[in-house]
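Please read the structure below before turning to the comments.
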Amino acid sequence: MAEPDQIDEHNHAAYSAEDTVNWYDQLDALLPSEKIILEGIMPAIRGKKILDIGVGGGRTTKHLLEISRDYTGIDYSQKFAELVKKKFRLDSVYCCDARDMSRFADGSFDFVLFSFNSIDYIPHEGRLKAMAEIRRVLRPSGIFMFSTHNRNWIHTGKTAWQRPWKFSPGFVKDCLKTILLTSRRMKMKKLEVREKEYAIINDDAHNYALLTYHITIPEQVNQLKKAGFGEIKAYNMKGERVEDDANDNWTYFTAVRASSAE
Ligand SMILES: C[S@@+](CC[C@H](N)C(=O)[O-])C[C@H]1O[C@@H](n2cnc3c(N)ncnc32)[C@H](O)[C@@H]1O
């Protein structure tokens, strides 16, 4: 089982690697689920102060700038922060870790987005710190939206051939990749963590380079309540409201900054 620092080191290194940076650089579309959820909260966020955490290659930047020009982006990878700053000619993009956003005053933002499961690359204690920081930088009634890996998904932790499969070039490629990366997978497996509240699992993302936090919907709801959020809503990957779910890999959440933490 890994120390949190080891998990952090692996994930930060993966998000600083050139091939990862190039991969995120070419993404620019919102996912259908994100469009639906953003549409639902649009009246509360249009023209407001937005913080985009874990901007990566700026996939969400263009879309959020259409919602509000009052946009700030952060990423703990210097390479991503510099890329987005340059790409969108923005001064308001910083290299900053979600666990320490002391550069922003309390109540600075109306809306915080931590998209594409980016919060899942922070080990447990850090995740709780990031949530406390997000609550702090949100104004009262401000909205936090993010997605996270679903621990209850039926395929969580399974390799390509352990899932229902059909013979196809994609399946063969996935199997070959999994076999070729056996030594990395075995090394990373030793760092996995399984607790009642969450699990940190080495999945196939970025060639098994990451240790990814997984949590069930009910546990995530508890975590948000403890961190001082209310009006918590969970959504599946079609953007439909769910209470618990085993069909989808990711779950989306919106939550409102409550006046006090539990
Ligand atoms: C899965 S990528 C998503 C990128 C982008 N949000 C998107 O939707 O394409 C995760 C991003 O979160 C960033 N990240 C991870 N942990 C972070 C942290 N503690 N603080 C700020 N950024 C973080 C990574 O550097 C990476 O750019």
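Looking at (1) in a helix (DSSP H, G or I); (2) more than 9 Å from the ligand (Cβ to nearest atom), find the lone condition where LEU51 falls short.
That leaves (1) as the condition not met.
Looking at (1) surrounded by 11 or more Cβ atoms within 10 Å (Cβ to Cβ); (2) within 30 Å of LYS226 (Cβ to Cβ); (3) out of contact with any His (no Cβ under 9 Å at 6 or more places or on another chain), which one does LYS196 not meet, given that it meets all the others?
(1)
So how many residues does the stretch 2-30 have that are surrounded by 13 or more Cβ atoms within 10 Å (Cβ to Cβ), more than 9 Å from the ligand (Cβ to nearest atom) and closer than 28 Å to ARG194 by Cα?
Summing the residues that are surrounded by 13 or more Cβ atoms within 10 Å (Cβ to Cβ), more than 9 Å from the ligand (Cβ to nearest atom) and closer than 28 Å to ARG194 by Cα in the stretch 2-30 gives 8.
Being within 12 Å of the ligand (Cβ to nearest atom) and either free of Cβ contacts under 8 Å to residues at least 40 places away in the same chain or of a type in the set (Gly, Ala, Ser) (or both) is the filter here; which residues of the stretch 107-137 pass it?
Selection gives SER115, SER118, GLY126, LYS129, ALA130, GLU133.
If you check SER33, SER68, which single one turns out to be away from the ligand (no atom under 13 Å from the Cβ), at pLDDT 95 or above, surrounded by fewer than 22 Cβ atoms within 10 Å (Cβ to Cβ) and among the hydroxyl-bearing types (Ser, Thr, Tyr)?
The match here is SER68.
I'd like the full set of residues that are on the phi > 0 side of the Ramachandran plot and buried (at least 17 other Cβ atoms within 10 Å of the Cβ), limited to the stretch 222-239.
GLY228, GLY239
Evaluate the following for ALA130: is it in a loop (DSSP other than H, G, I, E, B) and either touching a Gly at 6+ places or on another chain (Cβ under 7 Å) or not charged (D, E, K, R) (or both)?
No, not satisfied.
So which residues in the stretch 97-136 are polar (S, T, N, Q) and surrounded by 21 or more Cβ atoms within 10 Å (Cβ to Cβ)?
Scanning the stretch 97-136 gives SER115, ASN117, SER118.
The values are calculated or read from the model by the stated rules, or taken from the named source; none is laboratory data. Just so it is clear, the model here is predicted, and its values are computed rather than measured. Cβ atoms come from the backbone with ideal geometry, glycine included; neighbour counts cover every protein chain shown.
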